[in-house]
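Here the structure is laid out as structure tokens; the discussion comes afterwards.
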Amino acid sequence: MVTTYKTYHGTHLGNFLGVPGTGRKVSFEAVDAMRVVDGRITEHWGVANLYSVMQQLGVLAPK
């Protein structure tokens, strides 16, 4: 098993989950777990904080 934790950064330029591009800078965290067999990923599970992205885009009110 291999796990990763990362933060993605980008600019919202196009349609994302039904939200037209805003030009806003966004970032979000993600965690992935992967089963590796003979050097190849055979299974993958992942979670990303898209709630945070929607808050940053102004679709959801901040906490």
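Evaluating 6.51 cos²θ - 1.76 cosθ + 1.60 at θ = phi - 60° for every residue in the range 23-39, the Karplus couplings come out as x, 6, 6, 9, 8, 7, 9, 9, 10, 10, 10, 9, 8, 10, 10, 6, x Hz, glycine and proline recorded as x. Given +1 at the Cβ of Lys and Arg, -1 at the Cβ of Asp and Glu and no other charges, the dipole of the range 2-56 around its Cα centre is 200 debye to the nearest 20. Projecting the Cα positions of Trp45, Pro20, Tyr8 onto the charge dipole of the chain (unit charges on Cβ atoms of Lys, Arg, Asp and Glu, taken about the Cα centre) puts Pro20 furthest along the positive direction.
Rule-based calculations on the coordinates, nothing more; no lab input. All figures in this text were calculated on a predicted structure; none of them were measured in a lab. Here Cβ is always computed from backbone atoms with ideal geometry, including for glycine, and neighbour counts include all displayed protein chains.
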